[in-house]
Amino acid sequence: MAKKHILVTGAAGFIGFHLVNRLAKEGHNVIGIDNLNNYYDVKLKLDRLENAGIENRKVAYNEPVSSTKYPNYTFLQLGIEDAANLERLFVKYKFEKVCHLAAQAGVRYSIKHPEAYIQSNIVGFFNILESCRHHQVEHLVFASSSSVYGNSQQVPFKVEDPTDAPISFYAATKKSNELMAHTYSHLFQIPTTGLRFFTVYGPWGRPDMAYSLFTKAMLEGQPIKVFNEGNLSRDFTYIDDIVEGVARILGQAPSRQPSTVSRKPYSPDAPFRIYNIGNSRPTPLIEFITAIEDELGIEAQKEYLPMQPGDVETTYADVSDLASDFGYQPKTTIKEGIAKFVKWYLVYNQAGISVFS
C-alpha cells in the first residue's frame, strides 16, 4: 500500500495498538484517537500508548501528542461521540483511509450498561460515517463482530448466513453498524469494508478476555470459571494474523459490482464488502486452557458453570472470501500464540515493567 494519511480509532485498544505500530513502521502518516475509558484498567491502555512512543504525561483531551518512537504517528485522546472535534480532526488531517476500531466492547457488559453501547457503537459510528461522507475518504474499514451470527448451529459461519437474531445487545449494535455502513456506502458511494472479528488473543490483550482471566487465576492459585461445563469452542485468532489481514484490506478499497455480479449480502450498487476475519480453526475451550496450563506449568483448578447469558457455544469463521480476495492465511498455531502471550504476560504483570519492546 502506498503511503497514506490514516486515521485509526481505538488506537489505545488491543487491535488498534498493534495496527498503529504496523502502519507507522510501514511509513504511513497515522493519527490515532481513543477516549481512554475505564471499561478495563486504563493503565494498560496508557502503557500501550507509551510502548508506541506516546508519553502519558502529555496526554490530554483533544491535544495532539507526537510519538517519540514513530515521527509519523500522532495520538489524541478523543471520543468518537464528540462530533464537533471529530469534524475538526478530519478537516485538519485530510484522511485518505479510516480504520474504525473504537467501540464499547463486551457481551456481558452490554446487558447491564446498554446506554454505553448506544453512545459509542451507534452515535459514535454515525459520526464516523458522516465524517467519511463529507471528507471524501478513499476507504473506510470498520470492526464488526462474529457475535452477529447469534447462536447459529450452522458452521462454519459464512458472511451470507442470516444475522438477524443477535442474542446480546452488543451484537445488535454491531449488526446495526453493518446496516448503517451499507446504507452510507449505497447512498454516498463511500468504499467500505466491514470485518467480523473472531476471538482475538495475544500480547497486550484485554484483561477481561477469558485467556487473560485464566492466566491470572492460575498464577494466583485461584480456580478458573469454565462456562457451559466446558462445552464451548472458539475460533481463537492470534493478533499478528489479524493485523496482517487488516493491513491488506485497508490497502484495497472495494468498488461497485457489475450488474451481473451479486455477492450476498451486498448490494451491487454499493462499493461495500463484509468479511469474516478469524483463524478458521475452532478450538475447544478445554484444549485452549490446556495450552495455557502447559505453558505456565500449572494445572488449573476448574469451576464448571452453566452458560452465561448472551454467550454462544461455538464460533467458526469461513474466511474463504478473504483468502481469495486478499491472500489471507493465518499462520499462528494455538501453542505458538499462547507461548507468546504468556511470555508477555509474565513480564508485564510480574516484573512491574510498563514500557518495553
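The values are calculated or read from the model by the stated rules, or taken from the named source; none is laboratory data. Worth saying up front: this structure is predicted, and the values here are computed from it rather than measured. Note: ideal-geometry Cβ built from the backbone for every residue, glycine included; neighbour counts use all protein chains shown. Heavy atoms of the whole protein, side chains included, go into the accessibility calculation; ligands, DNA and RNA do not. Shrake-Rupley method; radii C 1.70, N 1.55, O 1.52, S 1.80 Å.
Could you run the Karplus curve 6.51 cos²θ - 1.76 cosθ + 1.60 with θ = phi - 60° over the stretch 340-348 and give me ³J(HN,Hα) per residue in whole Hz, x for Gly and Pro?
My calculation for the stretch 340-348 gives 5, 5, 4, 4, 4, 4, 5, 5, 5 Hz in order.
Sort all Cα-Cα distances of the chain into consecutive 20 angstrom bins from zero, then give the percent of pairs in each bin up to the one containing the longest distance.
30, 61, 9, 0
Kirkwood-based Rg over Rh for the stretch 1-60 (C-alpha set), two decimals?
Expressed as Rg/Rh, it is 0.98.
Between Leu305 and Tyr61, what length comes free when the chain is fully extended (0.36 nm per residue of separation minus the Cα-Cα distance, one decimal in nm)?
Length gained between Leu305 and Tyr61: 83.6 nm.
Could you check the simple spin-label distance between Lys216 and Glu26, using points 7 Å along Cα→Cβ, in nm with one decimal?
Each label point is offset 7 Å from its Cα along the Cβ direction, giving 3.3 nm.
Based on the inverse mean of 1/r over its pairs of different Cα atoms, what is the Kirkwood hydrodynamic radius of the stretch 154-273, in Å?
Working: mean 1/r = 0.0578 Å⁻¹.
This gives a value of 17.3 Å.
Express the accessible area of the chain per residue in Å², computed with a 1.4 Å probe while the remaining protein chains stay in the model. Intermediate values should be presented prior to the final figure.
Working: 15200 Å² over 357 residues.
Here the residues of the chain average 43 Å² of exposed surface.
Give me the aspartates and glutamates in straight-line cross-link reach of Lys3: C-alpha distance below 18 Å, same-chain residues under 8 apart excluded.
Excluding near neighbours in sequence, the set is Glu26, Glu96, Glu138, Glu244.
Kirkwood hydrodynamic radius for the stretch 129-202: how many Å is it when counted over pairs of different Cα atoms?
Numbers: mean 1/r = 0.0752 Å⁻¹.
One over the average 1/r among Cα pairs gives 13.3 Å for the stretch 129-202.
Got a sec? Charge dipole of the chain, +1 on Cβ for Lys and Arg, -1 for Asp and Glu; which of Ile128, Ile286, Ala24 is way out at the positive end?
Ala24
List the trypsin sites (Lys or Arg not before Pro) within the stretch 266-357 that DSSP assigns to loop and that have no more than 13 neighbouring Cβ atoms inside 10 Å. Don't jump to the answer; show the numbers that get you there.
Details: sites: Arg273, Lys302, Lys331, Lys335, Lys340, Lys343; in loops: Lys331.
Counting only loop positions with at most 13 other Cβ atoms within 10 Å, the trypsin sites (Lys or Arg not before Pro) in the stretch 266-357 are Lys331.
Quick check for me: using +1 on Lys/Arg Cβ and -1 on Asp/Glu Cβ, what's the dipole size of the chain about its Cα centre, in debye to the nearest 20?
Numbers: 36 positive and 38 negative charges, 180 e Å.
Value, rounded to 20: 860 debye.
Quick one: if you stick a label point 7 Å off each Cα along the C-beta vector at Thr183 and Ala339, how many nm between them?
4.9 nm
Using the crude model of +1 on Lys and Arg Cβ and -1 on Asp and Glu Cβ, and no other charge, please compute the dipole size for the stretch 231-342 relative to its Cα centre, in debye to 20.
Details: 11 positive and 17 negative charges, 125 e Å.
The dipole magnitude comes to about 600 debye.
Of the GluC sites (Glu not before Pro) in the stretch 193-245, which ones lie in a loop per DSSP and count no more than 13 other C-beta atoms within 10 Å?
Glu220
Got the relative contact order for the chain handy, in percent, Cα pairs under 8 Å and 6 or more residues apart?
Values: 706 pairs, mean separation 62.7, N = 357.
Relative contact order, the chain: 18 percent.
Between Ala323, Ala270, Ala52, find the one with the highest GNM mean-square fluctuation for the chain; connect C-alpha pairs within less than 10 Å.
Maximum fluctuation in the GNM of the chain, among the listed residues, is at Ala323.
Past 28 Å, Cα to Cα, is the threshold; run Lys69/Lys216; Lys4/Lys340; Lys43/Lys225; Lys158/Lys343; Lys158/Lys225; Lys45/Lys92 against it and keep the listed order.
Details: Lys69/Lys216 30 Å; Lys4/Lys340 31 Å; Lys43/Lys225 25 Å; Lys158/Lys343 34 Å; Lys158/Lys225 30 Å; Lys45/Lys92 25 Å.
Where the Cα-Cα span goes over 28 Å, the pairs concerned are Lys69/Lys216; Lys4/Lys340; Lys158/Lys343; Lys158/Lys225.
Taking amide H positions as placed in the peptide plane 1.01 Å from N, state which residues far from Val200 in sequence (5 or more) or on other chains have amide H under 5 Å from it.
Sorted by chain and number, the residues that satisfy this are Thr237.
Calculate, in nm to one decimal, what Ile286 and Glu87 gain on full extension: separation in residues at 0.36 nm each, minus their alpha carbon distance.
Details: separation 199, 0.36 × 199 = 71.64 nm, distance 4.68 nm.
The span from Ile286 to Glu87 would gain 67.0 nm if fully extended.
Give the Rg (one decimal place) followed by the Dmax (whole number) of the stretch 77-179, computed from C-alpha coordinates and expressed in Å.
For the stretch 77-179, the Cα-based Rg and Dmax read 15.0, 47 Å.
To the nearest 0.05, how large is the calculated FRET efficiency for Glu138 and Gln329 if R₀ is 30 Å and r is the Cβ-Cβ distance? Write down the numbers at each step before the final one.
Working: r = 26 Å, r/R0 = 0.86.
Rounded to the nearest 0.05, the efficiency is 0.70.
For the stretch 142-186 and the stretch 210-229, compute the distance between their C-alpha centroids and round to whole Å.
About 29 Å separates the Cα centre of the stretch 142-186 from the one of the stretch 210-229.
How much space per residue, in cubic angstrom, does the convex hull of the C-alpha atoms of the stretch 1-102 take up? Working shown, then result.
Values: hull volume 8.9 nm³, N = 102.
With only Cα atoms used, the stretch 1-102 gives 87 Å³ per residue.
Suppose the Debye formula is applied to equal point scatterers at every Cα of the stretch 184-242; what is log10 I(q)/I(0) at q = 0.27, 0.29 Å⁻¹?
Normalising to I(0) and taking log10 leaves -1.17, -1.22.
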